[in-house]
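J.: Here it is, the structure in full.
Any read-out appearing in this document is the output of simple, stated calculations on the displayed coordinates, not a laboratory observation. Keep in mind that what you see is a predicted model, and the values were worked out from it rather than measured. Glycine also receives a Cβ, built like all others from the backbone with ideal geometry; neighbour counts cover every protein chain displayed.
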Amino acid sequence: MVNIDAWKELKQQLDPKNITLVAVSKTKPVSDIMAFYDQGQKDFGENYVQELVEKAKELPKDIRWHFIGHLQTNKVKQIVPFVHLIHSVDRLKLLEEIDKQAKKVDRVIDVLLQVYIAEEETKFGLDEKEVVQLLDHYSAGAFKNVRIRGMMGMASFSEDLEKVRLEFRRLANMFTFFSDTVFLGNRDFNICSIGMTGDYHIAIEEGSTMVRIGSMLFGARNKN
Ligand SMILES: *Cc1c(COP(=O)(O)O)cnc(C)c1O
């Protein structure tokens, strides 16, 4: 069940702060997406390539599709023709492949670097050293068809909100640091994608500019 009231309340909180809401529609039918689209929601997030490609085919062309899941290199070419923002660049090889495929379709793809901030081993992401290495390549002009717009992270799935807060803070500090140094205040590097249903309040307090919210809007997802 979609919760339009929750969407309206959320927008009231986010809009004055200029925080972008990505409605995470994974596992949910296109009819649910349309319910929010009809309210004016244009940014939607998906985390499986196949599902995203199928939904994008059926839905209005002005939807901005965010890819937020782990992205296999061999699937990049399927989303590059239409994707709006890839949140989950977690290795150099992936960035190289996005650049290569984007060139073929004559696009420049906006991406975020996914940084590992949680203690859970199941989560993907670059550590700080890997971010520095990757940005070295980027600054040297290695990629013409990707534009790094910021960073994304997921906090630990934990009841300990203080821990969650510190993880977000670490990412937000890294974001500010790279913005001031590598990007020299370039306004293109301006997206800090943190915050989900359970922790977006904290993420906002710690400097989020983009939240990715699923279950609060679309209802709980079925496991599997
Ligand atoms: C599923 C998912 C979300 C949304 O999670 P909710 O807790 O349902 O809001 C956000 N980010 C990523 C990367 C996800 O996979």
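J.: What pairs from 26/93; 100/163; 8/103 go past 30 Å between their alpha carbons?
T.: 100/163; 8/103
J.: Give the distance, in whole Å, between the Cα centre of segment 126-155 and the Cα centre of segment 198-221.
T.: 24
J.: Return a whole-number percent for the relative contact order of segment 103-221, with Cα pairs under 8 Å and 6 or more residues apart as the contact set.
T.: It rounds to 23 percent for segment 103-221.
J.: Further question on the same structure: As a test of the formula, what do you get for the chain when each DSSP H run with n ≥ 4 contributes -39,500 (n - 2.57) and the sum is divided by the residue count, at 222 nm and rounded to the nearest 500 deg cm²/dmol?
T.: -11500 deg cm²/dmol
J.: Per-residue counts of other Cβ atoms within 10 Å, averaged by peptide: what ranking do you get for 57-65, 174-182, highest first?
T.: Ranked by mean Cβ neighbours within 10 Å, highest first: 174-182, 57-65.
J.: Another question, then. Longer than 20 Å from Cα to Cα, which of 104/144; 61/144; 57/77 are they? Say none if no pair is.
T.: 61/144
J.: Would you please give the residues with an amide H less than 5 Å from that of residue 116, counting only those at least 5 places away or on a separate chain, with H modeled from the backbone geometry?
T.: Amide H neighbours of residue 116, under 5 Å, 5+ apart: 126, 127.
J.: Please work out the ratio of the alpha-carbon Rg of the chain to 2.2 N^0.38 Å and round it to two decimals.
T.: 0.97
J.: Moving on. Please state the relative contact order of segment 58-171 as a whole percent: Cα pairs under 8 Å, 6+ residues apart?
T.: Result for segment 58-171 is 24 percent.
J.: Just to check I understand the Karplus step: with θ = phi - 60° and J = 6.51 cos²θ - 1.76 cosθ + 1.60, what whole-Hz values come out for segment 148-165, glycine and proline as x?
T.: Those phi angles translate into 7, 9, x, 9, 9, x, 10, 7, 4, 7, 9, 6, 7, 5, 5, 5, 4, 4 Hz.
J.: At 7 Å along the Cα-to-beta-carbon direction for both residue 30 and residue 142, put a label point, then send me their distance in nm to one decimal.
T.: It is 3.9 nm.
J.: Per 10 Å bin from zero, what fraction in whole % of the C-alpha pairs of segment 127-224 is there, up to the bin with the longest pair?
T.: Taking every Cα pair in segment 127-224, the percentages come to 15, 41, 29, 14, 2.
J.: Applying the Karplus parametrisation 6.51 cos²θ - 1.76 cosθ + 1.60 with θ = phi - 60° to the phi angles of segment 83-95, what ³J(HN,Hα) value in whole Hz is obtained for each residue in order, glycine and proline being reported as x?
T.: Couplings: 5, 8, 8, 9, 7, 10, 6, 10, 6, 4, 3, 5, 4 Hz.
J.: Would you kindly derive the ³J(HN,Hα) couplings of segment 42-50 from the backbone phi angles with the Karplus curve 6.51 cos²θ - 1.76 cosθ + 1.60 (θ = phi - 60°), listing them in order in whole Hz, with x for Gly and Pro?
T.: 10, 9, 10, x, 9, 10, 10, 4, 4
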